[in-house]
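**Q** There's a structure below that I have some questions on.
The values are calculated or read from the model by the stated rules, or taken from the named source; none is laboratory data. All values reported here derive from a predicted model rather than from experimental measurement. Here Cβ is always computed from backbone atoms with ideal geometry, including for glycine, and neighbour counts include all displayed protein chains. The protein model used for the area step is the full one, side chains on, heavy atoms only, and it has no ligands, DNA or RNA in it. Shrake-Rupley method; radii C 1.70, N 1.55, O 1.52, S 1.80 Å.
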Amino acid sequence: YLLDKSDKYDSRDVERLQQDDKWVENYLLWRHDVVDDTLKMIDESFQWRKEYTVNDLTESALPKWLFENGALFLHGYDKEGYKLFWFRVKHHTRDPKQQLEKKKLVAFWLEHYARRDHGKPLTVVFDMAETGISHIDLDFVRFIVNCFTDYYPNFLTKIVIFEMPWIMNAAFKIVKGWLGPDAISMLKFTNKNDVQEYISGEYLPPHMGGTDSFKYSYPPLVDDDFQTPLCENGPITSEDEHESKEEIDVDTKETGELNEEQNLNQKKMNSVEQISKSEETDKTEIKPKNAKKALSTFKGPLLHISPAEELCFGSKETGEKKCLIVLTNVTKNIVAFKVRTTAPEKYRVKPSNSSCEPGTSLDIIVSLHGGFAASLQDRFLIMAAEMDQSSGAGVPELTQFWKEVPKTKVMEHRLRCHVIESSKPSSLTLKENAFNIPAKTNEDLHLQLTRLLQINKRLQEQIDRCLWFQQLSVVLSLLSVTVVAFCFYLAYTQRS
């Protein structure tokens, strides 16, 4: 099937199809495991991908004004943890001359996010506040719908339509005709009163009844909702005097001991795992309480980062509010780094914008502000790039460096938040769970699930055997009773 139309496909898509089982599975799921329908969808989407040069769409390949317009952007999460793909309809104007470029922008977004988050589904939000006839563009809406129904399999969770004007009812009846029955069930018409059934207020702008002050601007990239740089002291919050005093004391110890700590590290540390017990003892005063070196490590070309995947915070019940990130410079040059987060109002990061000497390690303390709780949707982004030995490492030099460094030379690594729940908040349990036990990977969970299924299968076989023996016993018992009754009957008849 592929060979017959090989000239119509991008060879990179064909190669990925042959190697990526998840991609194939998504096509099958979206077409309900009907192979012929699945092949047809793959054929159509592959031809579309080549026509729109999806694999080669880059930021520089599209006009800058498209990004600056702000009609399309990725930001926030719905209540199920799915990323929100916003379409601010009031910023869109119908123009046939610009239609192809706008469609390529949609394709750029979807492809960029699909590869970054490995095809995790999206929730589309059509924000139709302050819109009218001049904003109706059925061809563009149909393209967005087709992207999810025909080109990106199993990539849509729901379509939230906010405050659709009555004048557009007729237009959306046409849109419903383009959607299959599965997609129609995903349409959610909302207003200010019920939109929070699907999206919490922290990710809704004020005009939708939420508290999110985010306003899209370019640059950074439209799907980059990490705010940078983080303020060293975090946002101003109404923390009580005791907590503020405790943090000031910790900050004083940090600044006084950081230089001595880095000198020790430069001589004695080549990796996170080689920290000696004496160095750990020296550092206990400057780390958050209960903090220990993470066991999982992401080994990047510039920095090794621990933990590799998750920062573990406690829930409101457990109360753990601080985490430790360890950066180890594995290059021969100074490495500049900075930390971003999707929720800058919640977290304080020290240091958030600094540099790391060759062969040394640096501890970054991430702490929650009073009154805030960590969320599974919160993310952290660590950016790193090599600096010339002649460059200074002060704040002005770092600011200028980040303005000039090419994006191709920047290493990025993302960390997600993990909230530790506990019905019995014990400090010992929290210590072990938060810092000693490495986060379970998907492979570990898969292995455990496989073992559970095998145990379940063996138990089922044992139950089946027991039932079989039980049924056999019943049959034999009935047969025995019948034989005995028959013998009594024969004895009775002979006597009579």
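**Q** Once R0 is set to 35 Å, what does the formula 1/(1 + (r/R0)^6) return for the Cβ-Cβ distance between E25 and L459, expressed as a FRET efficiency to the nearest 0.05? Walk me through the numbers on the way to the answer.
**A** Details: r = 29 Å, r/R0 = 0.82.
It comes to 0.75.
**Q** What full-extension length gain, to one decimal in nm, is calculated for K192 and R414 as 0.36 nm per residue of separation minus the Cα-Cα distance? If you can, show how the numbers build up before the last one.
**A** Numbers: separation 222, 0.36 × 222 = 79.92 nm, distance 3.32 nm.
Result: 76.6 nm gained on full extension.
**Q** If I compute solvent accessible area with a 1.4 Å probe over the protein chains, what percent of it on region 108-221 is carbon and sulfur?
**A** Numbers: 2770 of 5120 Å².
Carbon and sulfur: 54 percent of the exposed surface of region 108-221.
**Q** Measure off, as a whole percent, the carbon and sulfur share of the 1.4 Å-probe accessible area of region 11-54, all protein chains present.
**A** 48
**Q** Can you give me the long-range amide H partners of F85? Hydrogens built in the peptide plane at 1.01 Å from N, cutoff under 5 Å, separation of 5 or more residues or another chain.
**A** It is T123, V124, V125, by chain and number.
**Q** Tally up the carbon and sulfur contribution to the accessible surface of region 298-419 as a whole percent, 1.4 Å probe, everything protein left in place.
**A** Carbon with sulfur: 52 percent of the solvent-accessible area.
**Q** Return the subset of K104/K158; K322/K403; K8/K102; K64/K173 for which the Cα-Cα distance in this structure is over 27 Å, preserving the input order. Spell out each step's value before the answer.
**A** Values: K104/K158 22 Å; K322/K403 31 Å; K8/K102 23 Å; K64/K173 34 Å.
Result: K322/K403; K64/K173 exceed 27 Å.
**Q** Also, quick follow-up: Compute the accessible area per residue over region 57-208, keeping the other protein chains in place, probe 1.4 Å, unit Å².
**A** Value returned for region 57-208: 43 Å² of accessible area per residue.
**Q** Could you give the length gained on full extension between T211 and L445, defined as 0.36 nm per residue of separation minus the Cα-Cα distance, in nm? It would help to have the intermediate numbers written out before the result.
**A** Working: separation 234, 0.36 × 234 = 84.24 nm, distance 3.64 nm.
This chain segment gains 80.6 nm when fully extended.
**Q** Magnitude of the Cβ-charge dipole of region 298-419, K/R +1 and D/E -1, about the Cα centre, nearest 20 debye?
**A** Working: 16 positive and 13 negative charges, 47 e Å.
The calculation lands at about 220 debye.
**Q** Please name whichever of Q377, V405, N333 sits farthest to the positive end of the charge dipole of region 298-419, dipole taken about the Cα centre and charges placed at Cβ: Lys and Arg +1, Asp and Glu -1.
**A** Checked the options; the winner is Q377.
**Q** Moving to a separate point now. Can you tell me the alpha carbon radius of gyration of region 1-80 divided by the globular rule-of-thumb value 2.2 N^0.38 Å?
**A** For region 1-80, the normalised Cα radius of gyration is 1.38.
**Q** Provide the per-residue ³J(HN,Hα) series for region 82-95, in order, calculated from phi with Karplus coefficients 6.51, -1.76, 1.60 and θ = phi - 60°, each as a whole number of Hz, with x at glycine and proline positions.
**A** Listing the rounded values in order: 8, 5, 9, 10, 8, 10, 7, 4, 5, 8, 9, 10, 6, 8 Hz.
**Q** While we're looking at this one, here's another question. Taking the Cβ-Cβ separation of I184 and W65 as r and a Förster radius of 41 Å, what is the calculated FRET efficiency to the nearest 0.05?
**A** Calculated value: 0.75.
**Q** Taking only protein heavy atoms and a 1.4 Å probe, what accessible area per residue, in Å², does region 11-54 have with all protein chains in place?
**A** Details: 2600 Å² over 44 residues.
For region 11-54, the per-residue accessible area is 59 Å².
**Q** Would you pull out the residues with amide H under 5 Å of F189's amide H, same chain only if 5 or more places away, H placed 1.01 Å from N?
**A** I161
**Q** Run the numbers for E397 and K120: contour at 0.36 nm per residue of separation, minus the present Cα-Cα distance, in nm.
**A** My answer for the length gained is 95.9 nm.
**Q** In whole Hz and in residue order, list the ³J(HN,Hα) couplings for region 478-493 that follow from phi through the Karplus curve 6.51 cos²θ - 1.76 cosθ + 1.60, θ = phi - 60°; x for Gly and Pro.
**A** Each residue of region 478-493 in turn: 5, 5, 4, 4, 5, 4, 4, 4, 5, 5, 4, 5, 5, 4, 5, 5 Hz.
**Q** Let me ask you something else. When a/c reaches 1.5 or more, the comparison of a/b and b/c decides; with that in mind, is region 55-154 rounded, prolate or oblate per its Cα gyration tensor?
**A** It comes out oblate by the Cα gyration axes.
**Q** What trypsin sites (Lys or Arg not before Pro) does region 321-403 have in DSSP loop regions with at most 10 other beta carbons within 10 Å? Write down the numbers at each step before the final one.
**A** Details: sites: K321, K322, K332, K338, R340, K346, R348, R379, K403; in loops: K321, K332, K346.
When the trypsin sites (Lys or Arg not before Pro) of region 321-403 are filtered for loop state and at most 10 Cβ neighbours within 10 Å, K332 remain.
**Q** State the three equivalent ellipsoid semi-axes of region 11-54, derived from the C-alpha gyration tensor as the square roots of 5 times its eigenvalues, in descending order and whole Å.
**A** They are 18, 13, 7 Å, listed from largest to smallest.
**Q** Give me the percent relative contact order of region 298-419, please, defined on Cα pairs under 8 angstrom at least 6 residues apart.
**A** Once divided by the residue count of region 298-419, the mean separation gives 31 percent.
**Q** With the other protein chains left in place, how much accessible area per residue, in square angstrom, belongs to region 298-419 at a 1.4 angstrom probe?
**A** Per residue, region 298-419 has an accessible area of 38 Å².
**Q** On to the next question. Quickly rank 482-492, 362-372 as a protection proxy: mean count of other C-beta atoms within 10 Å, highest first.
**A** The most tightly packed comes first, giving 362-372, 482-492.
**Q** Here's something else I'd like to know. Would you tell me the accessible area of E386, worked out with a 1.4 angstrom probe on the heavy atoms of the protein chains, in Å² to the nearest 10?
**A** In the full protein context, E386 sits at about 80 Å².
**Q** Related question: What is the spin-label model distance, in nm, from F486 to Y218 if the labels are put 7 Å beyond Cα along the C-beta direction?
**A** With each label point 7 Å from Cα toward Cβ, the separation is 9.1 nm.
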